[in-house]
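What follows is one structure encoded as structure tokens, with my remarks underneath.
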Amino acid sequence: ALPPEITTVLFDMDGVLIDTADAVHESYTDWARATVDPDEVLAIVHGRRTVEVAAIFGFDADADAEADRIE
């Protein structure tokens, strides 16, 4: 439970408040080197959930597990 003086929690899931572009780029590049062309991956990752990216690149049988590896 939150202390009573905290009335709001703000989630930043799209990099507006914290720039996550470098971390996203690094994570996907590391993953892609072992699986597919990093440039192809980086061209489509922004604005997509990790599980969707994994499915697009052929990991649809267990996209959740592959998304965990990427993240």
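The values are calculated or read from the model by the stated rules, or taken from the named source; none is laboratory data. Values in this document were obtained by computation on a predicted structure and should not be read as measured data. When we count neighbours, we look across all protein chains shown, and the Cβ atoms used for this are built from the backbone with ideal geometry, even at glycine. For accessibility, only protein heavy atoms count, side chains too; no ligands or nucleic acids. Shrake-Rupley method; radii C 1.70, N 1.55, O 1.52, S 1.80 Å.
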Per residue of the range 28-35, in order, report the coupling 6.51 cos²θ - 1.76 cosθ + 1.60 (Karplus, θ = phi - 60°) as ³J(HN,Hα) in whole Hz, putting x for Gly and Pro. 5, 5, 4, 5, 5, 4, 8, 10
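If I compute solvent accessible area with a 1.4 Å probe over the protein chains, what percent of it on the chain is carbon and sulfur? Don't jump to the answer; show the numbers that get you there.
Details: 2830 of 5390 Å².
Taking all protein chains in place, the chain shows 52 percent carbon and sulfur surface.
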Where GluC sites (Glu not before Pro) fall in DSSP loop in the range 1-62, at most 13 other Cβ within 10 Å: GLU5
Residue-normalised accessible area of the chain, given per residue in Å² at a 1.4 Å probe: 76
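Considering only DSSP states other than H, G, I, E and B, which trypsin sites (Lys or Arg not before Pro) in the range 25-57 qualify as loop sites with at most 16 other Cβ atoms within 10 Å?
Working: sites: ARG33, ARG48, ARG49; in loops: ARG48, ARG49.
Passing both the DSSP loop test and the Cβ count: ARG48, ARG49.
Using the Cα centre of the chain as the reference point, and only Cβ charges (+1 on K/R, -1 on D/E), how large is the resulting charge dipole? Debye, rounded to the nearest 20.
Around 80 debye, computed over the chain.
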